[in-house]
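The values are calculated or read from the model by the stated rules, or taken from the named source; none is laboratory data. Since the structure is predicted, the reported quantities are computational estimates derived from the model, not experimental observations. Heads up, the Cβs are rebuilt from the backbone with ideal geometry, glycines too, and the neighbour counts pull from every protein chain shown. Side chains included, ligands, DNA and RNA excluded: accessible areas come from the protein's heavy atoms. Shrake-Rupley method; radii C 1.70, N 1.55, O 1.52, S 1.80 Å.
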Amino acid sequence: LGTGVGAGLALGGGLHRGVSNSAGEWGHTTLVLDGRLCHCGNHGCVETYVGAPGIMLNLRELSPQSPLLHPEDQTATVDALARGVADGDPVAVEVVRDTARYIGAGIANLVNLLNPELVVLSSWVARRLGEPLLAEVREAVRRHALGRPFAATEIVLSPIPTDPVCLGAATFALEGALRSVGLRNGGRTGRTVPASR
């Protein structure tokens, strides 16, 4: 979750790339029929509701004059929303809740289709909005996904910082996170991610 939205699909122990190496364009799957125009030319893409520009539009539609909105600055707007949620600002809470509903509906489609063990929310928007976003996303997925695949899926925030300098240490952090999910699931995961060298 960042300015754009995508998904890395780790299936069968490897990254699924698709026949033309373009798998994972989750942000350009349709979430709202005849919805917002996306830069890809389609209408109603996931990205137009949950990418940073989409979140800004969610805020603008709810409260056009909100001091949380920094029209030319995605980072400042998302940071203001995060602070607003922490402070109990009702506009910030509603925007994050509505955004999480969209994210959750989109993830529920992936859960029903792919039946994954783990969904990891990553990148700067997920990191800044943090646990309040995660809690709302989990609840939205619970409402929209089928019970059996939902019960088998963990939804977590990425422990990996986005700074590539930290990638080596972050690989070990992710390995630990995956191990802990395996333990919480009764050891069902049974595999680890090898550290890059």
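When you count the other C-beta atoms within 10 angstrom of each residue and take the mean per peptide, 9-22, 114-127 line up highest first as 114-127, 9-22. Here the Karplus relation 6.51 cos²θ - 1.76 cosθ + 1.60, evaluated at θ = phi - 60°, turns the backbone of region 88-96 into coupling constants of x, 5, x, 5, 4, 4, 5, 5, 5 Hz, with x for every Gly and Pro.
Taking a ≥ b ≥ c as the square roots of the eigenvalues of the alpha-carbon gyration tensor, region 114-163 is classed oblate because a/c is 1.5 or more while a/b is no larger than b/c.
Using Cβ point charges alone (K and R +1, D and E -1), the dipole size of region 38-108 about the Cα centre works out to roughly 180 debye. A Cβ-based charge dipole, computed about the Cα centre of region 1-159 with Lys and Arg at +1 and Asp and Glu at -1, lands at about 380 debye.
Rolling a 1.4 Å probe over the heavy atoms of the protein chains gives region 1-141 an accessible area of 50 Å² per residue.
For region 1-132, the relative contact order comes to 23 percent (Cα pairs under 8 Å, sequence separation of at least 6). Amide H contacts of residue 155 (H built 1.01 Å from N, in plane; Pro and chain starts excluded): 119 sit under 5 Å, all sequence-distant by 5 or more or on other chains. Applying 0.36 nm per residue to the separation of residue 36 and residue 135 and subtracting their alpha-carbon distance, the gain on full extension is 33.1 nm. What the phi angles of region 79-84 give under the Karplus curve with 6.51, -1.76 and 1.60, with θ = phi - 60°, is a coupling list of 4, 5, 5, 4, 5, x Hz, glycine and proline written as x. Here the accessible area of region 1-147 is 52 percent carbon and sulfur, with a 1.4 angstrom probe and all protein chains present.
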